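Everything on this sheet refers to the single structure shown next.
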Amino acid sequence: MTKEGLAVAECENVVMRAGECSVTILPQFGGKIASIRVRGRELLQQPLVPIVPRTQAMGFDESDASGWDECLPSVAACKVEFAGAKVPVPDHGDLWRVEWEKAPEQESIPGSLSLRGQCFSLPLELTRTVRLKEMSGTWRLGLFYKLINTGTQPAPWSWSAHPLFAVDAGDWINLPNGMHELRLEGSGGGRLGKNGDSVRWPMAKLADGGEADMRLALSADSGVGDKLFGGPVPAEVKTCWCEIFRPKARLLIRVSFDADTTPYLGLWLCYGGWPQREGPKQMCVAVEPATAPVDSLAETGHWSRVLAPGESYEWAMTVDVRTL
């Protein structure tokens, strides 16, 4: 194996390598990025249950709930107007449920992996190209997206990346200086309030009258599960970012994205608070560039997007990992 390259492993898994960093992608399971390892340390939430084939109707909490998936055309299950009918969109969208295939772009971009997935609830096709490289002690994972409406009717859509980064208690989350007010999408036990409430960052008022430093990852026995949105990012800020500082692991993870094409940032802060079923719980922070400040495609606003037949849309994001 060369210092930078691709390898095909068992079950058609794809492994990308750049020095001491490896990325494992599972085309047959929704194009899932199942693993990002740096110097032997796993950066992503690992499966809560074994990864198995998914159905078109199962909930995300019935799955392995791990790694990095793409949520399209909605995060929350909902029904939306399309071609004169109400069309159901399942939990966390379509794409984590279907097998992805090699995209034509793969042949023209050496050292990268291009896969595409086809939605079944709406006529949408997403191509994602992944590149991995090492730069002076930093590993950069670049992700480039292209969405196209393959149907004959205009199609509504929203997208959110869904990378579940593993964390330890005491890890630190940094947001840009201008992001002081977040919108609450949901909070386990109503800890932060109700859907739609504003939450101050970094020091948030709790529903019981207390205060919490939202930057600090808590222990797994805290039972916290909060989903928030920041944005829209101001027009003068071209690149937005979020950092996870992991002192025990001696790592800094920085997620960057284009504020013009994906103007919102979703944050899923889970410290043992989900899933609500019996068994293992997530201990992770999901840093989620998104096109909307809500999980449901059925919840419309100035952020709502529609693709005309044959129309396409492109965006990108990067993950930089640096050892400390």
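Brief remarks on what is shown
- Scanning region 177-193 for residues that are in contact with a strand residue (DSSP E or B) (Cβ under 7 Å, 6 or more places away or on another chain) and either part of a helix (DSSP H, G or I) or among the charged types (D, E, K, R) (or both) yields GLU181, ARG183, GLU185, GLY188, ARG191.
- Test set (1) at positive phi; (2) part of a strand (DSSP E or B) - GLY196 fails condition number: (2)
- Criterion violated by LEU297 - all others in (1) closer than 28 Å to GLU243 by Cβ; (2) surrounded by 22 or more Cβ atoms within 10 Å (Cβ to Cβ) satisfied: (1)
- Region 78-93, subset farther than 24 Å from GLN46 by Cβ and either touching a residue at least 40 places away in the same chain (Cβ under 8 Å) or β-branched (Val, Ile, Thr) (or both), residue surrounded by the most Cβ atoms within 10 Å (Cβ to Cβ): VAL89
- Scanning region 200-233 for residues that are within 21 Å of the chain's Cα centre (by Cα) and assigned to a strand (DSSP E or B), we see that the one that is surrounded by the fewest Cβ atoms within 10 Å (Cβ to Cβ) is LEU216.
- Condition check for ARG250: over 16 Å from the mean Cα position of the chain (by Cα), at pLDDT 95 or above and farther than 18 Å from GLU70 by Cα: yes
- Residue list for region 281-316, restricted to those being in a loop (DSSP other than H, G, I, E, B) and either over 24 Å from LYS79 (Cα atoms) or among the acidic types (Asp, Glu) (or both): LYS281, GLN282, ASP295, GLU299, GLU311
- Flag for PRO73 being in a strand (DSSP E or B), within 26 Å of GLY151 (Cα to Cα), in contact with a Cys (Cβ under 9 Å, 6 or more places away or on another chain) and not hydrophobic (A, V, I, L, M, F, W, C): no
- Residue count for region 155-176, restricted to those that are over 19 Å from GLY142 (Cα atoms), surrounded by 24 or more Cβ atoms within 10 Å (Cβ to Cβ) and among the polar types (S, T, N, Q): 1
- Checking each residue of region 55-68 against the condition of being under 22 Å from SER114 (Cα atoms), charged (D, E, K, R) and crowded, with 16+ Cβ neighbours inside 10 Å gives no match.
- Complete set of residues in region 46-70 that are closer than 12 Å to PRO275 by Cβ and in contact with a strand residue (DSSP E or B) (Cβ under 7 Å, 6 or more places away or on another chain): SER66
- When region 291-324 is filtered for residues that are in contact with a strand residue (DSSP E or B) (Cβ under 6 Å, 6 or more places away or on another chain) and of a type in the set (Asp, Glu), the ones remaining, listed by number, are ASP295, GLU311, GLU314, ASP320.
- Matching option when the condition is closer than 28 Å to GLU42 by Cβ, free of Cβ contacts under 8 Å to residues at least 40 places away in the same chain and part of a loop (DSSP other than H, G, I, E, B), among GLU236, GLU278: GLU278
The values are calculated or read from the model by the stated rules, or taken from the named source; none is laboratory data. Since the model is a prediction, treat every value here as computed from it, not as a measurement. Virtual Cβ from ideal backbone geometry, glycine too; neighbours counted across all protein chains shown.
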